[in-house]
Amino acid sequence: MAAPPARAAIVGAGTMGSGLAVQFARHGTSTTLIDHRQSNLDAARETIADAVAFLRSEELLDADAAEIRDRIAFTLDTASGVGDAELVLETVSEDRDVKREVFEAIADAAPAEAVLASNTSGIPITELGAFVDEPERVVGCHWWNPPYLLPLVEVVSGTETAPEVRDRTVGFVEGVDRTPIVVERDVPGFVWNRIQFAVLRECAHLVEEGVASLEDVERAVRDGYAMRTAAVGPFETADLSGVDLFRDVADDLYPHLSTATEAGPVFEDRIDAGRTGVASGAGFHEYEESLPAAIRRRDERVAAIQGAREQTRGREDAGNGDGDGDDGGDGDDGGDDPGDEDR
C-alpha cells in the first residue's frame, strides 16, 4: 500500500475541509487545517469531533479518537500552516478570485517539492495552474463528500501538471485508503459531477414537464437506479441486458432527453422563495431537523450501504476487467427479451 503524506495542510475549514482533516489524520498524517476566520476553525473542531464520534459509533474507526484529534492543528496563518507540508489541498469556495489568492499564497510559502492540490469540483485545473509560476505543481484532487466515508477521489491533471505530481497525488490518495479515479482530460466537472448533473438535469426536466412528481422522481433515482448502481455500473448493466438492446434504446431515447443549458425554474423558483436547502428549513423538501442532524442521517445510511457492499466483496460483476472482454454475459441466451428486466 502507498504511504500517506507525513504532513498535509488543508486550506478551508468548512464541512469538506474538516472531513478531509479527519481522513488524513486517521491514517497517521500530521494535518494542519487553515482558515481566515477563527469562528470557522472553532466550528471545525466541533465538526471533526462529531465525525470521529460517528465513525466510532459505526465501528469504522480502529485508531484512538484522541490520537486522531491530536494529529490535527488549526491556524489562521497560511504561511506557517503550509510551511512543511508534502501536500497542500485547498477546499475553499468555488470562486476563482478566492482560489487565485489561495494558490498565490501557498505557492510562495509551501516547500518547493510540495504538491499543490485543489478539491474543486469543476473549475479546470489548467486554469488554476495559471495562478502560479510553476503550474506543473498544481493538480486536481476532488473528493466525494463525506470524505471519511466515500471511497473515491478524482485525480485530475491540467495541461501543465507534471506526471510525477499526478503520481505522487495518486499515492497520497491510496495511502489514506481511498481509490483514485484518474481523469485523463481536464474537462469541466471531471467525471463525477458530469454524471451527477446529467442525472439532475434530467430529473429537473421530468418535474418541469409534469412527467412525474418531484417525490416520485426522487424515489425513482434513490430507491431504483441508485440502488442498482451500488451493485453494478452503467456499462455492466448494458452488458447484462445486451449491448445491442441498449444501443437501440439509446438511439430512440437520446433525442428526447433534456438539453437545458441553465438550471431552470425548478431551482430558481425555490431560491426566489428562500427555500435554499436544509439550513433554511426547506429546499426541494421540508425539514424540521438541523443541518448537522440531516448530515448525520445521510451518513448513517451511506455507512449502512457500505457495510452491505463489504459483505458482498468478491462477488462484483464484470466491471473489474479491462472492459474489452466477453465478461458481461451472465444473462440468459434464450427467452423473448432477456434484457427487459435489467434496463
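Numbers below:
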| read-out | value |
| --- | --- |
| All positions within region 274-317 that are basic (K, R) and under 19 Å from the mean Cα position of the chain (by Cα) | R296, R297, R298, R301, R309 |
| Residue within region 92-103 that is part of a helix (DSSP H, G or I), within 19 Å of H27 (Cα to Cα) and touching a residue at least 12 places away in the same chain (Cβ under 8 Å) present | no |
| Per-region count, region 191-224, residues part of a helix (DSSP H, G or I), hydrophobic (A, V, I, L, M, F, W, C) and open to solvent by less than 70 Å² (accessible area, probe 1.4 Å) | 11 |
| Selection from region 17-49 of residues that are assigned to a helix (DSSP H, G or I), open to solvent by 50 Å² or more (accessible area, probe 1.4 Å) and hydroxyl-bearing (S, T, Y) | S39, T47 |
| Flag if I181 is open to solvent by less than 60 Å² (accessible area, probe 1.4 Å) and either over 12 Å from the mean Cα position of the chain (by Cα) or at pLDDT 95 or above (or both) | yes |
| Any hit, region 76-83, residues being open to solvent by 50 Å² or more (accessible area, probe 1.4 Å), out of contact with any Lys or Arg (no Cβ under 7 Å at 6 or more places or on another chain) and assigned to a helix (DSSP H, G or I) | yes |
| Contacts under 8 angstrom Cβ, first residue in region 137-148 being over 14 Å from E174 (Cα atoms), partner part of a strand (DSSP E or B) and among the charged types (D, E, K, R), 6 or more apart | G140/E154 |
| Contacts under 6 angstrom Cβ, first residue in region 17-46 being without any contact (Cβ under 8 Å) to a residue 40 or more places away in the chain, partner of a type in the set (S, T, Y) and in a helix (DSSP H, G or I), 6 or more apart | S18/T47; A44/S18 |
| F54 in a strand (DSSP E or B) and in contact with a helix residue (DSSP H, G or I) (Cβ under 7 Å, 6 or more places away or on another chain) | no |
| Cβ-Cβ under 8 Å pairs, at least 6 apart or on other chains, region 56-72 side of a type in the set (D, E), far side open to solvent by less than 100 Å² (accessible area, probe 1.4 Å) | E58/E300; E58/A303 |
| Condition met for A66 (within 19 Å of the chain's Cα centre (by Cα) and in a helix (DSSP H, G or I)) | no |
| Listing of helices (runs of 4 or more DSSP H) fully contained in region 225-314 that carry 3 or more residues being open to solvent by less than 70 Å² (accessible area, probe 1.4 Å) | 234-241, 243-253, 265-272, 291-311 |
| Residue in region 24-63 that is nearest to the chain's Cα centre (by Cα), counting only those that are within 18 Å of D299 (Cβ to Cβ) and among the polar types (S, T, N, Q) | T47 |
| Number of the exception - G331 against (1) modelled with pLDDT of 95 or more; (2) more than 26 Å from the chain's Cα centre (by Cα); (3) surrounded by 12 or more Cβ atoms within 10 Å (Cβ to Cβ) | (1) |
| Enumeration of residues in region 50-73 that are open to solvent by 50 Å² or more (accessible area, probe 1.4 Å) and not aliphatic (A, V, I, L, M) | D50, R56, S57, E58, E59, D62, D64, E67, R69, D70, R71 |
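Rundown of residues vs (1) assigned to a helix (DSSP H, G or I); (2) more than 27 Å from A308 (Cβ to Cβ); (3) not aromatic (F, W, Y), yes/no style:
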site: I106; (1), (2), (3): yes, yes, yes
site: E113; (1), (2), (3): no, yes, yes
site: T126; (1), (2), (3): yes, yes, yes
site: F131; (1), (2), (3): no, yes, no
site: C141; (1), (2), (3): no, yes, yes
site: V155; (1), (2), (3): no, yes, yes
site: E164; (1), (2), (3): yes, yes, yes
site: V170; (1), (2), (3): yes, yes, yes
site: G189; (1), (2), (3): no, yes, yes
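The values are calculated or read from the model by the stated rules, or taken from the named source; none is laboratory data. Note that the structure is predicted; figures quoted are calculated from it, not measured. With ideal geometry, Cβ positions are generated from the backbone for all residues, glycine too; neighbour counts draw on all protein chains shown. Ligands, DNA and RNA are excluded from the accessible area calculation, which covers all protein heavy atoms including side chains. Shrake-Rupley method; radii C 1.70, N 1.55, O 1.52, S 1.80 Å.
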